[in-house]
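Okay, structure first, notes after.
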Amino acid sequence: MSRAVIAEDEPLLRDALRRLLSEVWPELDVVADCENGADALDAIAAQQPDVAFLDIRMPGLSGLEVAAAAAEASPATQVVFTTAYDQYAIDAFERGAIDYLLKPIVVERLAATVERLKRRASAGQTARGDLALLLRELAQGGAQTGAAPPLTWITAGTGRETRLIMVDDVAYFRADHKYTVAMTADGEALLRKPIRELLEQLDPAVFKQIHRSTIVNLKAIASIVRDDSGKGTVRLRQRPETLTVSQPFMALFRNM
């Protein structure tokens, strides 16, 4: 029996995709439903599914970032993106031979995708395409459509004081229930914002999620060490503590 992971942050769309899959691929076992990129990457690494249906825009890691990391965490997993992107992005998908489903998903299109996945599985093939190239093309498309620039400063509380902190001065962010703690060389400050929301506003070229509860500034890293279990440890330049990198997220640092 084939196994799948579904990642979609909208519950209604997630349920609809699962229902359509039960119609066109009844023997498929959906082993995980995820509402954000970090959970999806964890599930793919743990379950090693045959296929992952990934929403492009999710809290935390995007579907593209999950797919890029999953290429190392679960190499045999085929990826299908679900997207509401414009035609510019769809053209990029097609040039990269990437499977995609345009929202709202219709049963006929899903059935054709399923047949293509089955043929590839029988032949022992995957069709990830060039994800690095795809990421660059979609980033350029976002710039052309006026995507919001990343945060350059934040306001955060330390006791009774509210401070203005430049984002580049933050070594890492740590989740604290529904809020987020910003750690700088001078100490910590509290942001009244959940870490998932914050990650969407940070520069993805500088800030990387390394654990479900941690985002690190790449410029603040002194070294990264991988242990025998596949997890990693980050040493920082201006902070004494070390940070744990979950095994699935180590793939994001393979070129460092």
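The values are calculated or read from the model by the stated rules, or taken from the named source; none is laboratory data. Here the structure is a predicted model, which is why all the values come from computation and not from measurement. When we count neighbours, we look across all protein chains shown, and the Cβ atoms used for this are built from the backbone with ideal geometry, even at glycine.
Here are the numbers for the structure shown:
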read-out	value
Enumeration of residues in region 223-239 that are at pLDDT below 90 and not in a loop (DSSP other than H, G, I, E, B)	226
Condition met for residue 70 (crowded, with 23+ Cβ neighbours inside 10 Å, at pLDDT below 95 and small (Gly, Ala, Ser))	yes
Residues (buried (at least 16 other Cβ atoms within 10 Å of the Cβ), β-branched (Val, Ile, Thr) and more than 19 Å from residue 186 (Cβ to Cβ)) located in region 215-242	224, 234
Residue, farthest from residue 244 (Cα to Cα), within region 159-189, restricted to residues that are among the hydrophobic types (A, V, I, L, M, F, W, C) and not in a strand (DSSP E or B)	167
Residue in region 163-185 that is at pLDDT below 85, over 23 Å from residue 221 (Cα atoms) and assigned by TED's automatic domain parsing to the domain that holds residue 215 present	yes
Residue 164 being surrounded by 16 or more Cβ atoms within 10 Å (Cβ to Cβ) and aliphatic (A, V, I, L, M)	no
Failed item in (1) small (Gly, Ala, Ser); (2) buried (at least 17 other Cβ atoms within 10 Å of the Cβ); (3) in contact with a Leu (Cβ under 8 Å, 6 or more places away or on another chain), with residue 32 passing the rest	(3)
Residues of region 1-39 that turn out to be farther than 20 Å from residue 115 by Cα and of a type in the set (Gly, Ala, Ser), as a count	4
